[in-house]
Structure formats: structure tokens, C-alpha cells
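Below is one structure, written out as C-alpha cells, with a few remarks after it.
The values are calculated or read from the model by the stated rules, or taken from the named source; none is laboratory data. Being a predicted model, the structure only gives us computed values, none of them experimental. Because the Cβ atoms are built from the backbone with ideal geometry, glycine has one as well, and the counts that use them run over all protein chains shown. Heavy atoms of the whole protein, side chains included, go into the accessibility calculation; ligands, DNA and RNA do not. Shrake-Rupley method; radii C 1.70, N 1.55, O 1.52, S 1.80 Å.
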Amino acid sequence: MSSWYGLKTVIFSQDKDDEIYHAIVKAIVEHQLPPGSKLPEESLAAVFGVSRTGIRKVLQRLGAVQLITLTPKRGAQVATPGVDEARNVLATRCMLECANLPAVVERCEAAHITALKTIMDEEQQAHEARDGATAIRLSALFHVQLQAISGNDVLTQMVSQLTLRSSLVISAYGAPWQQGCRCHDHQELLDLLKSGRSGALAERMKRHFDEILANLRFERSGETAPDFARLFGIAAKGESV
């Protein structure tokens, strides 16, 4: 399955189902659809101008990747990860990303450093502009593209998928000011990557995840009813998402 981060695939295809799928994924990852948000078929169908059958297909795809839950008689809503699941998602990411760093260091070239620096600079600008949605997306993108340097497409796709679930974790349990990772953390990771010190890089990455976990507050959010017209109005008109 292709990731909305791009990698080696086209981010958005011309297929209407894919367009809707990626629009909803983007809204979830950027915390515009928080955990517990209801996703009624009728409302979404009206906003996107498609049938309820088409929306149902998209919701089933989102359920398959554990971004939403589908419950008989209650319909669909954005998934709310439990505390154990939240911890396990971050622990699994930490294990995968740290284990892959020697391969990242081995294959890293100047162009990779430049690309990561660009992402990090844009992330910093988003933080300064208080653009939380963009900061969250770029924070996740930094991690995915870092792992992509290794050339291990299987692991990179796994990390990409886990970053989506991590966003749910942070949305459910993060402090209100928590908008992705801290930029200076990414700067330190980038500096260690440039130095070629894979052991130190792995240690800093582990500490990075420990700090993310330490900042979580394990309190549940309630169900919400989002304004789909505001969120998806542009996407429904066929403009870029």
C-alpha cells in the first residue's frame, strides 16, 4: 500500500476513492479529526459528492489500517488507541527505526542530508507560524524519509504506517501544545547522521522516543462531530489536498 507521504509513489492518484482516502488520512494525521470523531457515511458522501457505497469502501480501507473503527449500529469513528496500544506503537517504531539506522548511515549521501534538512527547516517554520497541522505532517515525514535512505522499502512502509498510528496516539494523549517532534531533536539526529556515528545515532533516537512517551498524558478524549464541509470542502471540489 502506498503511503500518503509519497516515498517512491504518487501521493494522490486520479481515482476518487484514493482522493477521499488520502484526504481523510491527512485530516487524521494532522489532528484535525481527533480520536473518537464520528464519520457518518451520509455526511461524508454529501461533502465529497459521492454515494454512500463509495464512502463505505473508503471507510473499510481506513479500518483495515486501524485508523478508524467500524462498529455495527454505531458506524465509523476515528480510532482511539488504548494505553497499551499507544505504548506498543511507539515501542515498535523505536525498535524498527533504531535497528535500521546502521543501514541508513551506510547508504546516506549528501543529497539525503540536504533533503532531510529541507524537511526540518520547513518543520521549524511551521512551528514558528503556529501551523500545527503542517508541523505534525513534516515531523512524521522526517522519520519516514530518514528510514527510506536505507533502501529497505518493506521496513520504510512499516514505519510509514506506524507514523500514522503514532499520530493517533499523540492526538489522543499528547499535551495541547504537542505538535509532532521537537525540531532540535531532529537537528541532533541529523548532526549524528552526518557524522556517521550509527551507535550514537541509535542512542539518540531511542531517547527521542522515550521523550515522546514521557510527554503523553493518558487521558481519553470524548466523541466529537467534526465540520466536514470545512475540512474537506477543498478536496471535494477536486483541488489539491
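Summary of computed values
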| read-out | value |
| --- | --- |
| Gain on full stretching of the segment that runs from LEU213 to LYS16 - 0.36 nm per residue minus C-alpha separation | 67.2 nm |
| Loop trypsin sites (Lys or Arg not before Pro), the range 76-132, which have at most 16 other Cβ atoms in a 10 Å radius of their Cβ (DSSP) | ARG130 |
| ³J(HN,Hα) computed for each position of the range 18-35 - Karplus, 6.51 cos²θ - 1.76 cosθ + 1.60, integer Hz, glycine/proline x | 5, 4, 5, 4, 5, 5, 6, 4, 4, 5, 5, 4, 8, 6, 7, 10, x, x |
| Too-long pairs where the Cα-Cα distance tops 22 Å, listed order kept, from LYS16/LYS117; LYS26/LYS194; LYS16/LYS57; LYS38/LYS73 | LYS16/LYS117; LYS26/LYS194 |
| Carbon/sulfur fraction of accessible area - the range 17-163, other protein chains in place, 1.4 Å, % | 51 percent |
| Tail beyond 21 Å, pair distance distribution of the range 1-151 (Cα, percent) | 55 percent |
| Amide proton proximity set for SER37, modelled H, under 5 Å, gap of 5+ | VAL78, THR224 |
| Estimated vicinal HN-Hα couplings, Hz - the range 40-54 in sequence order (Karplus 6.51, -1.76, 1.60; Gly, Pro = x) | x, 4, 4, 5, 5, 4, 5, 5, 8, x, 10, 7, 5, 5, x |
| The range 43-138: GluC sites (Glu not before Pro) falling in loop per DSSP and having at most 14 other Cβ within 10 Å | GLU109 |
| Global form of the range 120-180, assessed from the alpha-carbon gyration tensor, a/c cut-off 1.5 | oblate |
| Distance (nanometres) between label positions extended 7 Å along Cα→Cβ at ALA64 and GLU203 | 4.4 nm |
